[in-house]
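Read the figures in this text as sums done on the coordinates, not as results from a lab. Computed from a prediction, not measured in an experiment: that's the story for all the values here. So basically every Cβ, Gly included, is an ideal-geometry build from the backbone, and we count neighbours across all protein chains shown.
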Amino acid sequence: MRKKLTAAAALLAVAGLALAGCGGSGGANSAQPQGVSGGNCGPLAQLTKATVATNPGAQDLVVKTAKAQGIDKKYNLDLDVKSFLNPPATAQAITQHAVDFGFGGLTTMVQARSRGSDVLMIGALSKPGSGVFVPKDSPIRNMGDLKGKRVGSFTAPNGAVTSLLQVYAQKKYNLDLLNGLDGKIHVAPEATLFGLMDKGELDAIYLSVDGTALSQFQGKYREIVDLSTDFKTEMGYDPLYLGPVTTEKYAKQNCSAVRAYVSTLADSIKYIQTNSAVWQSYAASVGHPEAVAAYQKLYSGSFVTQWSQQQVDDMKRLITDSIPYLDSAFPKKIPDGLFSLDYPAFTP
């Protein structure tokens, strides 16, 4: 019987306490998202404090940029940034109402909502920018050639980002990443993966956005899969696996604050995409100041700036396509009320 991927927590971060605003009606456990239909609430009337927790990655960059540039205060929101290293811990914080906002991995939020949580996905943040690389002189030309080969990865095979690669590989090449390789996927830090492939102990490696951007810049290896473009080309939709979240209980009482948070994220993304100083600082922080352009190109192209029924539909398709590769305990249908379009960003 075929092994299946366990639906583990994807990247997410969470935030805040006691914000003021206006809200809709309904209880925290109702099946449909609450709040004011169409976001019919105005801006925050006074500076309102919120605690936001971030994990390393795109969400951390967006929130910290918003704070550094004072973008949150433009909407009378005062974000107090707290850093988390463990995505499951931040998921627990949002589902248990210990905090108010966050960023939720799609598979994790589906599981939480199915178990009775009132979590809401109120936007999409990014699509993956990860890639698969092989040595330049390798005879491997695509993922179909990886059958029976040794593959390494920066993340566990039970993660949401790996499930994206599995969906793509199965659809395009009929390749089962859990049962069609030479042994199990070897999980290790990227520096270790580079060394193992250089020594011939791995035939291909799956890298994070940072690792992909650096490898594209250095040109030492050949990329055979670029999920930022290849997934949509094959599947016909964007793999939106991560987005900002809140809960019905909070949103019901704080419509204005939720819209302020969404607006802050949108403006921060715009700033990041157009300001080279952000990327100079980021490249230096990860130890590769020479790769500024590569980081900017890949990360900027991964951000999502729209939130409409189209993005909701893309997320639903991703879940449906991923279910065959997730743990048997994973919900067989998408829970009602997980996605909300009730809190659009304020129009300038």
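The figures follow:
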| item | result |
| --- | --- |
| All lysines inside 30 Å of LYS147 as judged from Cα atoms, apart from same-chain residues fewer than 8 positions distant | LYS3, LYS4, LYS127, LYS136, LYS171, LYS172, LYS184, LYS199, LYS220, LYS232, LYS316, LYS332 |
| Per-residue Cβ neighbour rank within 10 angstrom, fewest leading, LYS172, LYS333 | LYS333, LYS172 |
| Peptide ranges 91-99, 134-142, 303-311 listed from the most packed, as the mean C-beta count within 10 angstrom indicates | 91-99, 303-311, 134-142 |
| Under 5 Å, built H, 5+ apart or other chain: amide partners of THR54 | VAL14, LYS82, SER83, PHE84 |
| J(HN,Hα) series, segment 127-133, from Karplus relation 6.51 cos²θ - 1.76 cosθ + 1.60, nearest Hz, glycine and proline x | 10, x, x, 6, x, 10, 10 |
| Anchor LYS64: aspartates and glutamates whose Cα lies under 14 Å away (excluding residues fewer than 8 positions away in-chain) | ASP72, ASP78, ASP80, ASP267 |
| The chain: most fluctuating residue of ILE224, ILE71, ILE205 per GNM, C-alpha cutoff 10 Å | ILE224 |
| Cα gyration tensor shape for segment 131-235, rounded if a/c is under 1.5, else prolate or oblate | rounded |
| Sparsely packed GluC sites (Glu not before Pro) within segment 164-231, loop by DSSP, other Cβ within 10 Å at most 16 | GLU201 |
| Under the Karplus curve 6.51 cos²θ - 1.76 cosθ + 1.60, θ = phi - 60°, whole-Hz ³J(HN,Hα) for segment 117-125, x wherever Gly or Pro sits | 5, 9, 4, 10, 8, 10, x, 10, 9 |
| Placed amide H near PHE101: partners under 5 Å, 5+ positions off or other chain | ALA15, GLY16 |
| Dipole magnitude of segment 131-235 about its Cα centre (Cβ charges: Lys, Arg +1; Asp, Glu -1), debye to nearest 20 | 160 debye |
| 20 Å Cα-Cα reach of LYS249 towards lysines, excluding residues that sit fewer than 8 places from it in its own chain | LYS49 |
| Backbone HN-Hα couplings from phi across segment 246-253 [Karplus 6.51/-1.76/1.60, Hz, Gly and Pro as x] | 8, 10, 4, 4, 6, 4, 4, 9 |
| Cβ-defined net charge surrounding ARG150, 11 Å radius [Lys, Arg +1; Asp, Glu -1] | -1 |
| Computed Kirkwood radius, in angstrom, where 1/r is averaged over Cα pairs of the chain | 20.6 Å |
| Burial order of peptide ranges 191-199, 254-262 (average beta-carbon count within 10 Å, highest first) | 254-262, 191-199 |
| Prolate/oblate/rounded call for segment 39-84, Cα gyration tensor, a/c under 1.5 rounded | prolate |
